[in-house]
Amino acid sequence: MRGAETRMSDWQQKKAERNRAATLRLQRALPAIFPPAVLRRALGRPFIPPTPRLAIDSYWRAHPLRADRLARAHAAKSGAPAGWTWRLGGDRKSGLAASFRTPPAPYRERAFARGAGFCCVCGQPVYRFGWHADLWNAGANRNATWHCACVIAWQFWNAPSGEAPLLRSLQARRCAQSGGRLWRNAEIDHHVPLFRVWNERRDTLWPALLDYWGLPNLQVINRDAHAAKCADEARDRSAARALASEINTLSFPAKAGNPVNVAHAMKRRA
Ligand SMILES: [Zn+2]
């Protein structure tokens with residue numbers, strides 16, 4: 001028992017020493033102007049980040065919803081590049097995503113990338129320490145292609161389940177589908193499923209499209225409600241596929257998708 005106490009106090013001493021050294025390093029590297037909220041959080045961490053850049057990373061990691069909002073707001077400032085449409089590809093060269101599950105990001109595509117000093121997610125200039133505003137009047141940081149906030153937003157959009165505890169607390173631990181209590185095994189769901197965004201809404205202007213990956217389209221629902229929702233969606237998808245194939249195989253030589261054809265197919269199915 002005594003041994004365990006000694007080990008604990010050794011560990012606490014080491015931690016205190018490490019934090020003293022980290023604070024000194026951070027203070028030495030800190031510019032005259034630095035976002036106060038970031039510094040406050042850094043100095044309050046159990047392990048103090050030793051550089052301004054790490055302090056900023058740590059701040060955004062703690063605020064993924066703020067990062068999500070900021071990334072979408074910055075993307076709105078950029079707008080979509082002229083001639084861009086949401087397309088899939090999957091080869092590394094083009095930068096096109098392989099799946100509709102990846103958020104559309106024109107500035108990650110080779111044809112539209114703005115190059116060093118611009119964020120590949122939102123398209124806006126990246127400043128010192130990966131910050132999104134030029135607090136230092138130093139111009140764009142030519143070594144950076146991501147805002148620290150956009151890194152976190154990108155992770156959130158691609159894997160929102162990583163923030164399940166936060167999303168659960170936003171819903172006051174109630175299931176968004178049934179209104180009942182959220183169980184431990186509740187799941188994160190896209191209110192409008194992403195396959196539907198790709199199939200039916202892909203012409204939505206960018207960056208409004210990004211809202212489907214961000215907080216506005218996310219909900220936490222219990223596993224049974226989620227399974228029922230997925231089954232409904234799968235049924236809708238297969239009905240849509242069946243209808244499309246029926247339309248395509250109709251014998252009279254009108255174009256697929258022609259309203260006459262659709263009406264005819266619907267009648268045959270009824
Ligand atoms: Zn950005």
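None of the figures in this text is laboratory data; all of them are computed from the coordinates on show. In this text the structure is predicted, and so the values were computed from the model without any measurement. In this analysis, Cβ positions are derived from the backbone assuming ideal geometry, glycine residues included, and neighbour counts consider all displayed protein chains.
Values for this structure:
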read-out	value
Reciprocal mean inverse distance between Cα atoms of the chain - Kirkwood radius, Å	22.3
Label-point separation, Ala133 to Arg223 (7 Å along Cα→Cβ), nm	4.5
For segment 44-55, 3J(HN,Hα) per residue [Karplus equation, 6.51 cos²θ - 1.76 cosθ + 1.60, θ = phi - 60°, Hz, x = Gly/Pro]	x, 6, x, 10, 6, x, x, 9, x, 5, 5, 5
Charged-residue dipole, Cβ positions (Lys, Arg, Asp, Glu), segment 1-62 about Cα centre, Debye nearest 20	40
Electrostatic dipole magnitude of the chain [Cβ: Lys, Arg +1; Asp, Glu -1; Cα centre; debye, to 20]	540
Estimated Rh, segment 162-225: Kirkwood, alpha-carbon pairs, angstrom	12.5
Long-range amide H partners of Phe118 with built H, under 5 Å	Val126
FRET efficiency for Leu88 and Ser169, using Cβ-Cβ distance with R0 set to 30 Å, rounded to 0.05	0.30
Amide proton proximity set for Leu218, modelled H, under 5 Å, gap of 5+	His191
Estimated [θ] at 222 nm from DSSP helical runs (n ≥ 4, -39500 (n - 2.57)) normalised by residues in the chain, nearest 500	-15000 deg cm²/dmol
Whole-Hz ³J(HN,Hα) from phi, Karplus 6.51 cos²θ - 1.76 cosθ + 1.60, for segment 97-113, glycine and proline x	6, 7, 10, 5, 6, 7, x, x, 9, x, 7, 8, 7, 4, 5, 10, 4
J(HN,Hα) series, segment 119-136, from Karplus relation 6.51 cos²θ - 1.76 cosθ + 1.60, nearest Hz, glycine and proline x	6, 7, 8, 9, x, 8, x, 9, 10, 3, 6, x, 6, 9, 10, 8, 5, 10
Spacing of the two label points (7 Å from each Cα toward its C-beta) at Trp183 and Asn158, in nm	3.1
Signed unit charges on C-beta, dipole axis of the chain, positive-most listed residue Ala231, Ala164, Trp213	Ala164
Within-13-Å neighbourhood charge of Arg92 [Cβ basis; K, R +1; D, E -1]	+1
Under-5 Å amide H pairs with Gly95, H placed in peptide plane, nonlocal only	Arg110
Fewest-first ranking of Phe118, Phe112, using other Cβ atoms within 10 Å as the exposure measure	Phe112, Phe118
